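Only one structure is covered here, and it is reproduced in the block below.
The values are calculated or read from the model by the stated rules, or taken from the named source; none is laboratory data. Everything numeric in this text was worked out from a predicted model, so none of it was measured. Positions of Cβ are generated from backbone atoms using ideal geometry, with glycine treated the same way; all protein chains shown enter the neighbour counts.
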Amino acid sequence: METLTSVYLLPGMMCDERLFAPQIACLSRDYDVVVGDITGFDSIGAIADSVLSTAPEKFALAGLSMGGIVAMQIMAQAPHRVERLALLDTNPCAELVAMKTRRVSQLKKVKAGLLPVVMRDEMKPNYLASGHGKQAILDLCLEMAEDLGADVFQRQSHALRDRADQQETLRNISVPSLILCGREDRACPVDRHTLMHRLIPDSTLVIVEGAGHLPTLEKPEATNAALLHWLGA
């Protein structure tokens, strides 16, 4: 390729570039790959502003979980900047009351120094499909969370709690769009992705078998293939 296309990857809550290690290795052969920082602010709008401030004028955008929520906000704020959109294991809806209530308890525990306990007992069990290699991925998730720390957990929790519903945003998207999720994702189930597929005209839906909430690590080959097809490779 004479001109590299910039691909921005936005990780999920309490994750960093390690979430996308297989994708970075694959896509960097042909694309300028950047992992955006979604840790510095306590609102989805402010995080989106931060990503846009560092991104080129035009770029392809892929977000997983909270990263997908930020990606949808970017589409609400600056749709003309995004050439292609991929939403992975995410949710276009505002936060449910039940989850807001659960966050109160989680935040209290994290403020008391119990971030590893919250990640281990309340979040990690919802992440992955059963199978070989699950423990190593769970260990990596805990390592990423501990490296980011309690302050980031609190900011991201507040941002997710107060996020806007983005279904109307999705109806107005006209760029090539990929909707991808693990078949066994319990955090953001398949029905959320069929909804997004219906809302975005001419989008492509890919359901990755044998994966849960983190197909980038659970089934990297299938995820990479879907992303390469989305990018037109």
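Could you please let me know if residue 19 is in a helix (DSSP H, G or I) and in contact with a Lys or Arg (Cβ under 7 Å, 6 or more places away or on another chain)? Answer is no for this residue.
Condition first: touching a Leu at 6+ places or on another chain (Cβ under 8 Å), of a type outside the set (S, T, N, Q) and surrounded by fewer than 21 Cβ atoms within 10 Å (Cβ to Cβ). Now tell me which residues in the range 152-172 satisfy that.
To start, the set of residues in the range 152-172 that are touching a Leu at 6+ places or on another chain (Cβ under 8 Å) comprises 153-154, 157, 167, 170-171.
Next, from what is left, pick out any that are of a type outside the set (S, T, N, Q): 153, 170-171.
Scanning the range 152-172 gives a single hit, 171.
Looking across the range 198-219, the residues that are assigned to a helix (DSSP H, G or I) and either surrounded by 19 or more Cβ atoms within 10 Å (Cβ to Cβ) or hydrophobic (A, V, I, L, M, F, W, C) (or both) come down to 199, 215, 216, 217, 218. For the range 45-57, a residue qualifies if it is surrounded by 17 or more Cβ atoms within 10 Å (Cβ to Cβ) and not in a helix (DSSP H, G or I), and exactly one does: 55.
One residue is enough: does the range 144-151 have a residue meeting the conditions part of a helix (DSSP H, G or I), surrounded by fewer than 20 Cβ atoms within 10 Å (Cβ to Cβ), hydrophobic (A, V, I, L, M, F, W, C) and touching a residue at least 60 places away in the same chain (Cβ under 8 Å)? Yes: the range 144-151 contains one or more residues that are part of a helix (DSSP H, G or I), surrounded by fewer than 20 Cβ atoms within 10 Å (Cβ to Cβ), hydrophobic (A, V, I, L, M, F, W, C) and touching a residue at least 60 places away in the same chain (Cβ under 8 Å). Would you tally the residues in the range 66-110 being in contact with a Leu (Cβ under 8 Å, 6 or more places away or on another chain) and of a type in the set (Gly, Ala, Ser)? Residues that pass the stated criteria total 5. Evaluated against (1) in contact with a His (Cβ under 9 Å, 6 or more places away or on another chain); (2) in a loop (DSSP other than H, G, I, E, B); (3) closer than 20 Å to residue 195 by Cβ, residue 42 falls short on exactly one condition, (3). The residue list 209, 218, 146 contains one member that is modelled with pLDDT of 95 or more, touching a Leu at 6+ places or on another chain (Cβ under 9 Å), among the charged types (D, E, K, R) and over 26 Å from residue 113 (Cα atoms), which is 218.
What about residue 94, is it more than 16 Å from the chain's Cα centre (by Cα) and closer than 26 Å to residue 196 by Cα?
Details: more than 16 Å from the chain's Cα centre (by Cα): no; closer than 26 Å to residue 196 by Cα: yes.
When the stated conditions are applied, residue 94 does not pass them.
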